[in-house]
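The values are calculated or read from the model by the stated rules, or taken from the named source; none is laboratory data. For clarity, every value in this text was computed on a predicted model and none was experimentally measured. No Cβ is skipped: glycine too gets one built from the backbone with ideal geometry, and neighbour counts run over all protein chains shown.
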C-alpha cells in the first residue's frame, strides 16, 4: 500500500532519505526507512531493545514524528556521516595557523554532512597591525570569503548542499562591511549572516548615543592600543578584557544601516546575544556567540544540533468542524518517545571531530520542536494572526516543553543525568525557574538527562516529506505554489505544490474558491502578526526559534524599519526578515504560473534537514 501523502513526498524520500546499499538494492518504501531508524536508535537501549524498536517505529509511522534529515538519511546506513544536522565550530584563533586550522575543521564537518556556524569576531579588523608579527590584518570578511570558497568546493564534490552561519559582534570595527556584505550578490553566497546585537546597542539606539567600535587591546600593536579602552567580555573569552576603542559612530546610524540592509538584501539577521546567554540553561559553564545556520539552536564551541519535530497536523481531531480539537494527550505520549529517540541519537551518531563528540555527550542537548502549526490552526478553524491561535500555540508549547522535561528527568533516573549537570547552577537558569515547582523539584532530586530539549527549526524538507505541511511555526506561504527543488545532481526544477490543509479541504468536498477565514497565508499577515506567534511560544523554548518575517516586495521601508526593535521588545532571541527582490529571487512563489528565480544556497529555504 502506498504510504506517501503525494508524489512530491515520495520524490523527497527517494532523493534525500532512501538508503541504497552497496550491492545496489534499496529501501522499497518509507516503512523500510522507519524500520532502519527505529532499529538503529533502539540498539543503544540497555534492555528490551525489541520493545523500544516497536515504540520508535510507531512514533515515526504516519509522519507523526519527523527526525532531522541527517538522522533519516544516515541512521543505520553504515556510512561515515554524522546524524546531527549542524555544529557551531570552535573559536577562530587570530593567527594564520589558527584560521586555517578552523577552516580545516569546518571542511571535515561539512564533509560528513554537518552545517556549521562560525563567529568571526575574534579576527582583527581590516588594517589593524598585529602586536607580535607586525603584519596588517585583512579583516574578518576576507577570511569569510575563504570559508565561502571551501563550502562551494565541498558542494562540487557531490556532498550535501552546504549551509553556514557567519556571525560578528555589533561593536567590531568591521561591522559596517559585514552589514553590507550581501549587497554584492556574488559575496558570501554560502553563508547566512547574523549580527550579534547586545543590550548596550539597543539602549544606545533608544538614547541616541554614539556607539564605540573596539577590539581587545592585547591583540593590537602598541600604537593602536594607546588610546581609550572599555571593558568587554569578547567572543571566546571567559572574563571581560580591555578593548581598544578604534572608532565611533551614531548608534541610530548603525541601526538604520542594519535595517536598510535587511530590507534590501534580506541579511543580516539579528541575534540578541545577551538574552541568548542570560537564558542559557548552561550559562554557568559556557558562552555562546554563534548559532546553527538557521538560528534556532544557539550553541557553544563545538556544540551540535540534534533535531526532530512533532507533526501537529496529525493531531487535530474532527478537522474543519465545530468540534475540532488538538489531541494534547496524543502529543504528550509522542513527546515522551521522541525525547528518548533524540537522546539515543547522541550515542549512535558519528562525529567529525573529537571535540564535537565531547560537547554533545557532555551536555546531551536535543532540539525537539514542532512543524505544521499553521496547518493545524487551519484545521482547528483558528486564524494564525489572531489571539486564539496564539493562545493555542502557547498552551501546546507549554505542554510539549514540560512533557519533554519530565521525560528527560525519567531517563536521567534510568541512565544518569548529562555529565555537565550541576544541580543548583542548572536550577538557577531563568528558563528552568519558569517550569512548574514539581518539575523543578524533580530535577533537583533526580537530575535531568538533557541540558536543553526544545528548539523550533524551519523543518522545510521534512515537512515536504510529510505531505507539504506548513514548516515549523511559519504561516502557510501559499495554498498553491511553485517551489524550486534542487536534486543532488541536475538542474534546479520548479514544482507545483498544494498545502496540506488546503488539499485536505478539497478532498473533503470543500470549495477551493470559498475558503474559510482560517485559511490565511503569509502575505496576508502584517509583520506584527508574524512576530506575535514566536513571542507567544518563546517562553517555552529553551533554545530558540527559526522564524522569518516575510513581507512583499512593495512593502514600504518606513513600515519595515521597526520590526527588529519589536522583536527585541517582545523577548525574542533573534529575528530574520525577508523581502523578495530580483537580485535574490524567491524559493517559493504563490502564483503557479510564475517561475521562481534563481537564489543562492542560503536563501529562506535553507535549513538543516
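Restricting attention to the range 6-28, does a residue exist that is in contact with a helix residue (DSSP H, G or I) (Cβ under 7 Å, 6 or more places away or on another chain) and under 30 Å from residue 286 (Cβ atoms)?
Scanning the range 6-28, I find no residue that is in contact with a helix residue (DSSP H, G or I) (Cβ under 7 Å, 6 or more places away or on another chain) and under 30 Å from residue 286 (Cβ atoms), so the answer is no.
Which of (1) surrounded by 17 or more Cβ atoms within 10 Å (Cβ to Cβ); (2) in contact with a helix residue (DSSP H, G or I) (Cβ under 7 Å, 6 or more places away or on another chain) is the odd one out, the single condition residue 210 does not satisfy?
(1)
What about residue 495, is it outside any loop (DSSP other than H, G, I, E, B) and within 28 Å of residue 291 (Cα to Cα)?
no
Would you call residue 113 modelled with pLDDT under 95, part of a loop (DSSP other than H, G, I, E, B) and touching a helix residue (DSSP H, G or I) at 6+ places or on another chain (Cβ under 7 Å)?
On the way: modelled with pLDDT under 95: yes; part of a loop (DSSP other than H, G, I, E, B): yes; touching a helix residue (DSSP H, G or I) at 6+ places or on another chain (Cβ under 7 Å): yes.
Answer is yes for this residue.
If only one of 361, 340 is in a helix (DSSP H, G or I) and either crowded, with 18+ Cβ neighbours inside 10 Å or without any contact (Cβ under 8 Å) to a residue 24 or more places away in the chain (or both), which one is it?
Every option except 340 fails the conditions.
Quick one: how many residues across the range 310-336 are assigned to a helix (DSSP H, G or I) and either surrounded by 14 or more Cβ atoms within 10 Å (Cβ to Cβ) or in contact with a helix residue (DSSP H, G or I) (Cβ under 7 Å, 6 or more places away or on another chain) (or both)?
Within the range 310-336, residues that are assigned to a helix (DSSP H, G or I) and either surrounded by 14 or more Cβ atoms within 10 Å (Cβ to Cβ) or in contact with a helix residue (DSSP H, G or I) (Cβ under 7 Å, 6 or more places away or on another chain) (or both) number 12.
Filter the range 441-487 down to the residues that are part of a helix (DSSP H, G or I) and touching a residue at least 40 places away in the same chain (Cβ under 8 Å), then identify the one that is surrounded by the fewest Cβ atoms within 10 Å (Cβ to Cβ).
Among those that are part of a helix (DSSP H, G or I) and touching a residue at least 40 places away in the same chain (Cβ under 8 Å), it is 461.
Mind checking whether some residue in the range 393-401 is in a loop (DSSP other than H, G, I, E, B), touching a helix residue (DSSP H, G or I) at 6+ places or on another chain (Cβ under 6 Å) and either over 15 Å from residue 342 (Cα atoms) or in contact (Cβ under 8 Å) with a residue 60 or more places away in the chain (or both)?
Of all residues in the range 393-401, those in a loop (DSSP other than H, G, I, E, B) come to none.
No, there is no match, as no residue in the range 393-401 is in a loop (DSSP other than H, G, I, E, B), touching a helix residue (DSSP H, G or I) at 6+ places or on another chain (Cβ under 6 Å) and either over 15 Å from residue 342 (Cα atoms) or in contact (Cβ under 8 Å) with a residue 60 or more places away in the chain (or both).
Residues in the range 536-562 that are free of Cβ contacts under 8 Å to residues at least 60 places away in the same chain and either closer than 18 Å to residue 294 by Cα or not in a loop (DSSP other than H, G, I, E, B) (or both): how many? Show your work before the answer.
Residues of the range 536-562 that are free of Cβ contacts under 8 Å to residues at least 60 places away in the same chain, as a first pass: 538, 549, 551-556, 558-559, 562.
Add one more test, that the residue is either closer than 18 Å to residue 294 by Cα or not in a loop (DSSP other than H, G, I, E, B) (or both), and what stays is 538, 549, 558-559.
Result for the range 536-562: 4.
From 84, 66, grab the single residue that is touching a strand residue (DSSP E or B) at 6+ places or on another chain (Cβ under 8 Å), closer than 16 Å to residue 461 by Cα and in a loop (DSSP other than H, G, I, E, B).
Being touching a strand residue (DSSP E or B) at 6+ places or on another chain (Cβ under 8 Å), closer than 16 Å to residue 461 by Cα and in a loop (DSSP other than H, G, I, E, B) holds for just one of 84, 66, which is 84.
Between 62, 47, 24, which is in contact (Cβ under 8 Å) with a residue 60 or more places away in the chain, more than 26 Å from residue 292 (Cβ to Cβ) and more than 20 Å from the chain's Cα centre (by Cα)? Walk me through how you get there before you give the answer.
Working: 47 fails: in contact (Cβ under 8 Å) with a residue 60 or more places away in the chain; 24 fails: in contact (Cβ under 8 Å) with a residue 60 or more places away in the chain.
Answer to the check: 62.
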